[in-house]
Amino acid sequence: MAEVEAGDGMYDQDPQKRNLLEERTINLHNDSTIDQAANTWGRRGKRHKLKWMSRPMVLPETILEFLDEDLRENAIRYLSNYLVEKREEDLDNYFRTGYMVFNSCGTLCILLQEIVGFYKKMEDEKLDTRSIKRLMNVLILFQSVAANNDTRHRFVDACAPNFLVPLILFKSTNEMFEDVRMIALSVFGILCQGRESRIIKWAIENDIIEVCHCILENGSELSKVIAMHILEAILHDNSGISYICGPTCTHVLDGLIRTLNGLVNLLAVAHDFSPRLLFHSIRCYIILCRHDKGYDAVKNNLPEAIANGSFHEMTEEYPMIRGLLRQLVLNIPVSPLSSYRPSVPVWGFCFASGKTKGRSTLIG
């Protein structure tokens, strides 16, 4: 399992480590067993076929082949494999490719046609390996567009990401379809990881919070990690936490608390889960405590598994998670947490002296 690192708003934070964790959660290609499994399908092609992609003008010529239905499938596959390779070793060309995909005449419409065409197969329950892989290649192109600072906002303004929601919520008995769900969800994760207010507003208006709830209830482990990452990004934004904790959205906050509690209780009895699930869950509790209404919701509904030692082995193996649990204890110094006793002093962390309703204000 990937090593858990501190993130934004946590103690002793290092911006480089924080960014690495964000990238590791979304890009899904680091030294984690579940990450490797998710990307195996993308590496099965013969790598020597990608060498010709580095020649001048081949990249735009490949994109132009999207216009020809007979050449489109191979062209999308080659470009997808190229992006998987460049994402790991050449980010400049990765971002450049995303820019070209979005700004090439008619390319975005063609990719959306690919997705709409897949809807028909979903409806007819005629999903096969070839069609699923073809769609995953399209989604990898969407990832590169979402990751590019020059195309991200226009990509959202065009409502292109909205076409991915049916893919995420669709239930299929085909095991490979979970990869489709995971990659489609990662496009939302890449959009939200910059925590830009404009993107967060789009996510709220298009019910991405509810999409994440569904994934946390029914998705795979890796999809749940990405969903937690998205929820955390929304909570970090002032408009996001104001919406969730707003007076007219009590049902949203209640739903989020139920989802988090259900996930934590599940993790308490399952010993083979990714530590990042617990990591992001605790961070969401801590962020909610920054808002008065969120604080009350967490204080009144925090699951006993947080305080009864269910995660002792995990906290011993991952000090970052232990630190987050200590911070949560300081934020909610009430029963049932009164029985929790950190194994090392909590004053080793840097907190400001001011407190509001028992909450410690974090420096950094």
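Quick look at the values:
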| item | result |
| --- | --- |
| Diffusion coefficient, µm² s⁻¹, Stokes-Einstein with Kirkwood Rh over alpha-carbon pairs of the stretch 126-191 at 20 °C and 1.002 mPa s | 176 µm²/s |
| Residue 210-residue 116 pseudo-label distance in nm [points 7 Å out on the Cα-to-Cβ vector] | 2.3 nm |
| Kirkwood hydrodynamic radius (C-alpha pairs) into Stokes-Einstein, the stretch 284-328, 20 °C and 1.002 mPa s, D in µm²/s | 191 µm²/s |
| Backbone N within the stretch 237-255 under 15 Å of label point (7 Å from residue 292 Cα along the Cβ vector) | 242, 245-248 |
| Net lengthening on full extension, residue 242/residue 123 (0.36 nm per residue, minus Cα-Cα) | 39.1 nm |
| Point-to-point label distance, residue 61-residue 105, nm (Cα→Cβ direction, 7 Å offset) | 1.9 nm |
| Karplus-derived 3J(HN,Hα), 6.51/-1.76/1.60, for each residue of the stretch 84-99, Hz, glycine and proline x | 4, 5, 5, 4, 8, 10, 8, 5, 4, 6, 4, 5, 4, 5, x, 5 |
| Length released on extending from residue 254 to residue 220, taking residue separation times 0.36 nm less the Cα-Cα span | 9.9 nm |
| Segment residue 70-residue 271, length gained on full extension (0.36 nm per residue, minus Cα span) | 67.5 nm |
| Vicinal HN-Hα couplings computed from phi for the stretch 232-243 (Karplus, 6.51 cos²θ - 1.76 cosθ + 1.60; Hz; Gly/Pro x) | 5, 4, 5, 5, 5, 7, 4, 5, x, 6, 5, 5 |
| Paramagnetic reach from residue 201 (point 7 Å along Cα→Cβ, amide N under 12 Å) across the stretch 283-308 | none |
| Compactness index (Cα Rg / 2.2 N^0.38 Å), the stretch 166-305 | 1.00 |
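Only the coordinates and a few stated rules stand behind these numbers; no lab work does. Quick caveat: nothing in here was measured; it's all calculated off a predicted structure. For neighbour counting, all protein chains shown are included, and Cβ atoms are generated from backbone atoms with ideal geometry for every residue, glycine included.
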